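Trainee: Next up is a structure, given as structure tokens.
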Amino acid sequence: MPEMPEVEILARHLRPLLRGKTVHSVNVRRERSTRPTPPRQFEKVLAGARFKDLSRRGKYLQFQLQAKRQAKSMTVLGHLGMTGRMFLTLKKEPLPSHTAVVFDLGSHHFVFEDWRYFGRMSLDMSPLDTLGPEPADVSPEAFAESLKKSRQSIKVKLLDQELIAGVGNIYASEALFRARISPKLPANRLTPAQAKTLLHSVRDVLNEAVKFGSTVPLKTMSGKSDALFYFSNDGEGFYEKRLRVYDREGKPCLNCGTKIKRITQAARSTYFCPRCQKGR
Ligand SMILES: [Zn+2]
């Protein structure tokens with residue numbers, strides 16, 4: 001599942017490709033994928049518009065466009081859901097069978113493909129209203145203060161997008177391991193020092209993931225539809241290989257050799273070292 005680093009990498013990849021491109025037409029092939037915006041409205045409003053910019057907020061993509069013959073700017077809010085992918089292909093290439101929305105850009109198609117249809121592209125900005133600050137924008141004091149209000153286990157609380165935006169299941173486990181904090185510790189029991197360490201660990205794991213590459217293969221516009229979108233610059237391969245606890249159940253902890261444990265919290269897997277991350 002795409003997490004915040006994958007969305008950031010995708011935004012950086014697509015931004016220069018889309019900027020300045022005019023939308024000749026839009027075709028919504030899966031009605032559910034623009035919900036709550038009606039598909040025909042989505043198509044009508046965006047026809048003739050021009051891509052101005054692309055940014056990320058949490059796990060959302062914000063496509064800024066300029067409406068046709070108007071100074072008015074519009075934003076399309078995108079979310080990859082579990083299986084969504086967004087990429088450009090040459091127009092002569094056949095569209096993938098799970099294409100949800102396709103933008104005709106002249107020589108290229110901008111495709112939103114989604115096998116399981118949990119992703120979205122809509123004109124509804126309301127999901128951003130309840131989004132917490134980006135991890136880089138919150139102070140350790142404010143972060144510690146928010147944790148004081150919750151008795152949920154810290155791992156579950158980290159996934160709460162109202163606390164901070166963009167932390168998903170993989171990086172929650174990774175950040176807690178680095179901060180040497182038990183995933184089972186109630187959020188309101190973290191000391192101010194632990195909260196500060198955890199916030200820095202969250203920033204570090206997310207920044208490293210962006211730097212070293214996506215865990216999700218994405219298509220390029222090279223015309224080779226199976227070409228992988230992103231490799232790390234240092235030749236180490238996907239960031240997956242750099243994960244220290246996630247998906248490593250039974251394998252030795254990289255710090256102490258103790259076997260990594262997996263538990264289920266709020267129906268999601270948590271991985272941790274019972275020795276390095278002591279406590280309840
Ligand atoms: Zn350990």
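The values are calculated or read from the model by the stated rules, or taken from the named source; none is laboratory data. Worth saying up front: this structure is predicted, and the values here are computed from it rather than measured. As a convention, Cβ positions derive from the backbone with ideal geometry for all residues, glycine included, and neighbour counts pool all protein chains shown. Heads up: the accessible areas ignore ligands, DNA and RNA and are worked out on the full protein's heavy atoms, side chains in. Shrake-Rupley method; radii C 1.70, N 1.55, O 1.52, S 1.80 Å.
Trainee: Criterion first (open to solvent by 70 Å² or more (accessible area, probe 1.4 Å) and modelled with pLDDT of 95 or more) does Lys241 satisfy it?
Mentor: When the stated conditions are applied, Lys241 does not pass them.
Trainee: May I ask you to list the residues in region 115-159 that are touching a strand residue (DSSP E or B) at 6+ places or on another chain (Cβ under 7 Å), open to solvent by less than 20 Å² (accessible area, probe 1.4 Å) and in a loop (DSSP other than H, G, I, E, B)?
Mentor: Gly119, the sole residue that qualifies.
Trainee: Of the residues that make up region 160-173, is at least one at negative phi, part of a helix (DSSP H, G or I), crowded, with 24+ Cβ neighbours inside 10 Å and not hydrophobic (A, V, I, L, M, F, W, C)?
Mentor: There is at least one residue in region 160-173 that is at negative phi, part of a helix (DSSP H, G or I), crowded, with 24+ Cβ neighbours inside 10 Å and not hydrophobic (A, V, I, L, M, F, W, C).
Trainee: I'd like the full set of residues that are in contact with a Lys or Arg (Cβ under 7 Å, 6 or more places away or on another chain) and not in a helix (DSSP H, G or I), limited to region 174-189.
Mentor: Once the filter is applied, which keeps residues that are in contact with a Lys or Arg (Cβ under 7 Å, 6 or more places away or on another chain) and not in a helix (DSSP H, G or I), region 174-189 yields Ser182, Pro183, Lys184, Leu185, Pro186.
Trainee: I need the full set of residues from region 6-20 which are open to solvent by less than 40 Å² (accessible area, probe 1.4 Å), over 17 Å from Leu131 (Cβ atoms) and under 14 Å from the mean Cα position of the chain (by Cα), in order please.
Mentor: Across region 6-20, the qualifying residues are Glu6, Ile9, Leu10.
Trainee: Can you pull out every residue in region 58-98 that is closer than 18 Å to Pro16 by Cβ, surrounded by fewer than 19 Cβ atoms within 10 Å (Cβ to Cβ) and in contact with a Lys or Arg (Cβ under 8 Å, 6 or more places away or on another chain)?
Mentor: Gln62, Gln64, Gln66
Trainee: Right, something else. Go through Ser55, Ser73, Ser139, Ser146 for me and flag whichever is free of Cβ contacts under 8 Å to residues at least 60 places away in the same chain and under 15 Å from the mean Cα position of the chain (by Cα).
Mentor: The match here is Ser55.
Trainee: Looking at region 247-258, which of its residues are within 16 Å of Pro183 (Cα to Cα) and within 14 Å of the ligand (Cβ to nearest atom)?
Mentor: Arg248, Glu249, Cys253
Trainee: So, in region 260-280, exactly how many residues are open to solvent by 90 Å² or more (accessible area, probe 1.4 Å) and near the ligand (Cβ under 9 Å from one of its atoms)?
Mentor: Summing the residues that are open to solvent by 90 Å² or more (accessible area, probe 1.4 Å) and near the ligand (Cβ under 9 Å from one of its atoms) in region 260-280 gives 1.
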